[in-house]
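Below is one structure, written out as structure tokens; comments come after it.
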Amino acid sequence: MIVAVSGSSGFIGKALLNKMKDMDWTVRAIERAAFALPDQEFRSSLIEGADVVINLAGAPISKKWTPEYKAEIRESRVKTTSKIVKAILEAGKKPSVFISASAIGIYDSIQTHTESSCHYSSSFLSQVCQEWEAEALKAEPATRVVLIRTGLVLGEKGGALKKLSLPFRIGLGGKISAGEQAISFIHLFDLVNAYLFILENPSVSGVVNAVSPMPTTNKEFTDTFGKVLDQPAWLRVPAFALKRIYGERAQVFLEGQRVLPEKLEQAGFQFRYPTIRSALIRIYKL
């Protein structure tokens, strides 16, 4: 199996590549510099002959959202996807599947969302996701396309917990605002296995929600995290403080999406860590 992967140096990309290498698959890492290559060279060296193409590229959203950086967030997703799609369409031997990352931030914070939901947010991140996905779907005439909308990814060596764990470890954890906002999460182990499951199940296509079947809330997450670490989690961060510090990016903390993985479950995928408690215990207790 030959797999071409963009964004392979990121938190998810590293875990996915390690798993694939353990399975003796041939991995072509599409580095950031490769997107500056002429189209023909990009296609022939990275896409041509690949059985699978996985697109994880995208600038992190954790930096300050200046107008310039917002443009980078958009371009690092939409333009890179466009180059990959062009290469797939022009390849002599096309991949059997193209999996392109997206995010549950596309959805609004009001409804409960399955893959059939069209209740999208009007936020900047949702707009980026919609453009990102539209670009990926242009590969549909040539291959099976899967848009994997990922929730909050929890794992041992990175992701959201890398910054969150320190205050919780020293008893300074706390909920954000009233703590009622939904958190749809997935353990990194389950996410990697979901990618492999999709590769092995050609009936799975289109939008796929990569989240646990048991979403939580910010308050429940905070309480559970404190208990798992045997630390109090009594603080509360007011909304106005986050807005003053982060500006528009505060929406990432203050708004949440309640999302369900209907398509994965109907296809028979089994989650190892479906609850927030099981996910956090696996990370911090085992």
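The values are calculated or read from the model by the stated rules, or taken from the named source; none is laboratory data. Computed from a predicted structure; not experimentally measured. We place every Cβ from the backbone using ideal geometry, glycine too, and count neighbours over all the protein chains shown.
Computed quantities for the displayed model
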quantity	calculated
Out of Glu115, Glu75, sole residue that is in contact with a strand residue (DSSP E or B) (Cβ under 7 Å, 6 or more places away or on another chain), of a type in the set (D, E, K, R) and either surrounded by 15 or more Cβ atoms within 10 Å (Cβ to Cβ) or not in a strand (DSSP E or B) (or both)	Glu115
Pairs with Cβ under 8 Å, 6+ apart, first in region 171-192 and in contact (Cβ under 8 Å) with a residue 12 or more places away in the chain and of a type in the set (A, V, I, L, M, F, W, C), second surrounded by fewer than 21 Cβ atoms within 10 Å (Cβ to Cβ) and in a loop (DSSP other than H, G, I, E, B)	Ala182/Ser109; Leu188/Glu156; Phe189/Arg272
Residue that is part of a helix (DSSP H, G or I), more than 21 Å from Gly247 (Cβ to Cβ), touching a Lys or Arg at 6+ places or on another chain (Cβ under 8 Å) and of a type outside the set (Asp, Glu), where the choices are Ala34, Ala57, Ala142, Ala87	Ala87
Neighbours by Cβ (under 8 Å, 6+ apart or cross-chain): first from region 124-142, over 25 Å from Ala50 (Cα atoms); second among the polar types (S, T, N, Q) and modelled with pLDDT of 95 or more	Cys129/Ser102
Candidates Gly151, Gly155, filtered to the one that is buried (at least 21 other Cβ atoms within 10 Å of the Cβ), within 18 Å of the chain's Cα centre (by Cα) and modelled with pLDDT under 95	Gly155
Selected residue (criterion: farthest from Thr112 (Cα to Cα)) from residues of region 228-257 that are among the charged types (D, E, K, R) and in contact (Cβ under 8 Å) with a residue 40 or more places away in the chain	Arg236
When residues of region 5-19 are limited to those that are under 15 Å from Pro60 (Cβ atoms) and in a helix (DSSP H, G or I), the one nearest to the chain's Cα centre (by Cα)	Ile12
